[in-house]
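Taken together, the values in this text are just the output of simple stated rules run on the coordinates, not laboratory data. On a predicted model such as this, the values are computed, not experimentally measured, just so you know. A quick note on method: Cβ atoms are made from the backbone with ideal geometry, for glycine too, and the neighbour counts reach across all protein chains shown.
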Amino acid sequence: MADYTLLSKTIAALTEGETDEVALMATVACELHHADDRFDWTGFYRVTEPRLLKIGPYQGGHGCLVIPFDRGVCGAAARTGQVQLVPDVDAFPGHIACASSTRSEIVLPVWDKQGALIAVLDIDSDKPAAFTDEDASALQQILSETFSR
Ligand code: SME
């Protein structure tokens, strides 16, 4: 499992004083992706218009460009505002497979300091049931420290 305490400190140091959301997303995606071999795709989908997500900074293979809120695991996270912890993507109705190798996924909503939804963070793993509630809590903390400060 990633060392989330170290990741939090590293991301805070790398992004100190930065407010540009794309720069923040690029840094978070890079640091998270390289910190844990469970993470086979790590990236953001941004809210670019009402009920529509478009791809943002990511690490890994090609990701689909556009996801409406009514589709996929990302859409579910954006629509509900809740973390989606998916142990088996084949059992998730409407899962969008950007890679056939993906077995499990976690998607978290990203809020700005005014409490508005600005994106979702999507992490895919080729390992089944790769993510835990501990991952969800730690990732939520890093997202809050970075985007809601
Ligand atoms: N699996 C996501 C789509 C994004 S690709 O995995 C990068 C979903 O179902 O929303």
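Below is a table of values for the structure above.
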{"read-out": "log10 of Debye I(q)/I(0), alpha-carbon scatterers only, for the chain at 0.10, 0.12, 0.13 Å⁻¹", "value": "-0.29, -0.42, -0.50"}
{"read-out": "Karplus (6.51, -1.76, 1.60) ³J(HN,Hα), θ = phi - 60°, over segment 12-29, in Hz, Gly and Pro reported as x", "value": "4, 5, 5, 10, 3, x, 7, 10, 5, 5, 5, 5, 5, 5, 4, 5, 5, 4"}
{"read-out": "Within straight-line cross-link reach of Lys113, lysines at Cα separation under 30 Å, skipping those fewer than 8 residues along the same chain", "value": "Lys9, Lys54"}
{"read-out": "Segment 1-86: GluC sites (Glu not before Pro) in DSSP loop, at most 10 other beta carbons within 10 Å", "value": "Glu16"}
{"read-out": "Nearby aspartates and glutamates by direct alpha-carbon distance to Lys127 (threshold 14 angstrom, same-chain neighbours under 8 apart not counted)", "value": "Asp36, Asp37, Asp40, Asp88, Asp90, Glu105"}
